[in-house]
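Scroll down for the structure; my scribbles are underneath it.
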Amino acid sequence: DAKTTQPNSMESNEEEPVHLPCNHSTISGTDYIHWYRQLPSQGPEYVIHGLTSNVNNRMASLAIAEDRKSSTLILHRATLRDAAVYYCILRDVWNYGGSQGNLIFGKGTKLSVKP
Amino acid sequence: DTGVSQNPRHKITKRGQNVTFRCDPISEHNRLYWYRQTLGQGPEFLTYFQNEAQLEKSRLLSDRFSAERPKGSFSTLEIQRTEQGDSAMYLCASSPRGGENETQYFGPGTRLLVL
């Protein structure tokens, strides 16, 4: 399975934008890019996903490089509630990521938000 | 629907004892996943059900671990003869269907401590 590389940690100030990078240089043409986040003492939650085009939803935006070897999760105005570990995950359209659709998590990026 | 629920939320046991965790997925979600998460790591896949059929098991799932989903609704994960290395957060997730756009909905997890 294609792997992703993320910084271990990042800091942000409240109400400022946050750009969380993810490198996936070995991405294949059939890999979707998914982002999940895990708030303290909670299970992970879905944030956003995309294939080639940039995507927006109520939680965040996903910017995908033209060669798809990297992507950036954008939180437009960080709040204290956005402090979490953010995971960038590749999911193969044919094999759904793992053997039967399981998500393959790395260590993610721990985002701290300062008031 | 209130989402995926897991019980108990915390469990402390002595080495050698058996423990059982329960997961109630979102209604009508036919896929159910179990993951394990140790401190500082992302979740790792353990096993997966499509309705009542257990379709995939990770090599992490030793013979001491067994999972069931008897009626295709709730699931149980049992660990026999617990070891200190079993101490972790056990997460359950469900999804309505597979596919590259599948979103998994996670429960809050059961935190196990083996003394």
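Data for the structure
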quantity	calculated
Count - residues of segment A:54-88 that are within 12 Å of A:W35 (Cα to Cα), small (G, A, S) and touching a Ser or Thr at 6+ places or on another chain (Cβ under 8 Å)	1
Of the criteria (1) facing chain A (nearest Cβ under 10 Å); (2) within 12 Å of the chain's Cα centre (by Cα), which one B:F74 fails	(1)
Segment B:102-115 - residue that is facing another protein chain (nearest Cβ under 7 Å) and surrounded by fewer than 19 Cβ atoms within 10 Å (Cβ to Cβ) and, of those, modelled with the lowest pLDDT	B:T103
Positions within segment B:64-84 being modelled with pLDDT of 95 or more and either out of contact with any strand residue (DSSP E or B) (no Cβ under 8 Å at 6 or more places or on another chain) or within 21 Å of A:G43 (Cβ to Cβ) (or both), in sequence order	B:F65, B:A67, B:E68, B:R69, B:F74, B:S75, B:T76, B:L77, B:E78, B:I79, B:R81
Filtered residue count, segment B:26-37, keeping only those that are within 11 Å of chain A (Cβ to nearest Cβ) and either among the aromatic types (F, W, Y) or surrounded by fewer than 17 Cβ atoms within 10 Å (Cβ to Cβ) (or both)	3
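Here is a yes/no grid of residues against (1) buried (at least 21 other Cβ atoms within 10 Å of the Cβ); (2) touching a strand residue (DSSP E or B) at 6+ places or on another chain (Cβ under 6 Å); (3) more than 7 Å from chain B (Cβ to nearest Cβ):
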| residue | (1), (2), (3) |
| --- | --- |
| A:P44 | yes, yes, no |
| A:I48 | no, yes, yes |
| A:L51 | no, yes, yes |
| A:I64 | no, yes, yes |
| A:L73 | yes, yes, yes |
| A:A84 | yes, yes, yes |
| A:R91 | yes, yes, no |
| A:L111 | yes, yes, yes |
| A:P115 | no, no, yes |
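The values are calculated or read from the model by the stated rules, or taken from the named source; none is laboratory data. A quick note: this is a predicted structure, and the numbers were derived from the prediction, not measured. All Cβ positions, even for glycine, are placed from backbone atoms using ideal geometry, and neighbour counts span all protein chains on display.
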